[in-house]
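What follows is a single structure, written as structure tokens, with notes after it.
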């Protein structure tokens, strides 16, 4: 009897061990770091000084605003697009389903750096994007060098990269929905869009919540795109919390301050996830 | 409840076990190296690998069994890796690290005990074989911590075929205003862009123009000098380059380099190391490239500036400090090794090597021009740039000001004064 109690722990030990070493230990040690400052190579405790610095730091506030702006615009667009795509690809009449599903999912498999570098080359002043726009007889767009366009470029790139990933999650959930409900709705005279808004979306609510929370967390940590597309420019207009953490830690050797910002991100993730649960009425 | 406690204690035990392990294994790894005694690990980026391999062969003739384990890391990936290792108390560091001049002071100030004091090992005597600006860049409080290696005397790389077509004589370009006039002519006659500049995410030409005027982000008192007279002059010239249609915008290093290598632009204002890059990236354009000295701000003015360059350091975490010092001293002060470096496109700063025939020879890739002579003559005139330990933060503010001036059309003195103020604030809150 006693043996049976110990047995499961034996099996989960490797996972717990890895989790402890690569997650719990860094999390605790960065918490400690966020109360410290490096002076002449030695770490000394400074209490809440790093957190106090945040309030007077214009770049941090700008990064916070940029991150939220991208979050508020990009996540809903992407989730909606993913839902529409998943719904379309779930149609019984659609030919070449496998091909379309793979094509839309493919961007999610590409390396973050590789895709960002490609987008940066396509978005140059004389890149493919502007060449195409010229052919339509329009003026070229300063994709990466205008404060507003740079944000739009970032959103475009992220949407290309992540929509397919969310689509696959929705597709899996859609396949669990019973055809009976749709048949009944059709008999009652509900059109395709009515079915989409009144049956599909409510039925998928837990999955949408899941995707939204994952995307929110991902966007709060946004790093690869600004790093490789714009380096946060022009003039900090694409500076994100993730990029600012990196700069403080690895470029300015200010690990204590970088950890403090990282903890702000942790708190934001916790609060936003909680709110999303509350708003959608899940327990 | 009891279960929860046992789980928690289990986790704690694992944490302790693992942190213990990692420390041990690192010691073991370097222990192996010291037992063999003659295998040194080096971190360096791609262009430095060929000369290291040659040096290893030559050095091994007198040092039986000597081997280098070269880990090729791009200079952009080097700093996160180095910083992480230093922050982790020196774990996983190699015996030799190559660091760019721009970054050395930052490391020396933030990790004062992390690098071997080379002056204490007697390097000061050898140090005199290098120009004073290179010595200063690798020193802290009068002690040398880095062995100077390559430099980046600046020049203008240009497409000889485009210039010929537009009827421009590069020798007639003496000032930046001449440069702008030539740019307009070339664009008119060939339709090809003259110069591309990263206006929003980097500032190499601004930095080079500051150094050319004997100034930098920081003054001699280590205080931010972004609003200095020299800085305003540089920004005015950059704005003129843009407004006259001579410079076009490009974002990011990769796009900049591919634009130059593919012949989309006629010139590149850069450091001598660009010679190696062009040759590597555009082998089929052999004979179509040339170099002329940096234009001056006024006729007869200074035409020398430096951009880039690096030095060798030995981390104190190394178990082979003496062997590393001995090898590096051989590498840094042997003319033959520095000649090999030059052939690979790295411009040496060891002054005893300039008498080598290599510096009066014609370079066949560069249309048989004696490009290395141009750079060697320039080196003597280069002034030290004060990078300080806060180069990265200052660069961030300088790039922002440049972007505001060139892209958003902000007034030059206003933008620079605001940037200087922001930099002062950031430095004071960091302290």
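Annotations
- Calculated [222 nm] ellipticity per residue, helices only, for chain B: -15500 deg cm²/dmol; basis is -39500 (n - 2.57) per DSSP H run with n ≥ 4, divided by all residues, nearest 500.
- Note on segment A:222-251 and segment A:6-66: Cα centroid distance 19 Å, given to the nearest whole angstrom.
- Between the alpha-carbon centres of segment B:197-219 and segment B:142-189 there is a gap of 16 Å.
- Cα long-axis angle, helix B:391-406 against chain B (0 to 90 degrees, to the nearest 10): 30
- When shorter helices are ignored and each DSSP H run of at least 4 residues is given -39500 (n - 2.57), the per-residue value for chain A at 222 nm works out to -21500 deg cm²/dmol.
- Counting only alpha carbon atoms, the long axis of helix B:101-110 and the longest principal axis of chain B meet at about 40°.
- Efficiency of FRET from Cβ geometry, residue B:284 and residue A:184, R₀ 45 Å, rounded to 0.05: 0.05
- Average partner coverage of A:221-233, which counts Cβ from other chains inside 10 Å: 3
- Angle of helix B:229-243 to the longest C-alpha principal axis of chain B, folded into 0 to 90 degrees and rounded to 10: 60°.
- Segment A:153-170-segment B:362-419 distance, computed between alpha-carbon centres (Å): 39
- Gyration tensor (alpha-carbon) shape descriptor, segment A:178-283, a/c threshold 1.5: prolate
- Normalised convex hull volume, segment B:141-223, alpha-carbon set, Å³ per residue: 158
- Gyration tensor over alpha-carbon atoms, the protein assembly as shown, equivalent ellipsoid semi-axes in Å: 48, 36, 25
All of the numbers you see were taken from the coordinates with simple rules; none came from a lab. What you are looking at is a predicted structure, and each value in this text was computed from that prediction instead of being measured. Backbone-built Cβ (ideal geometry, glycine too); neighbour counts: all protein chains shown.
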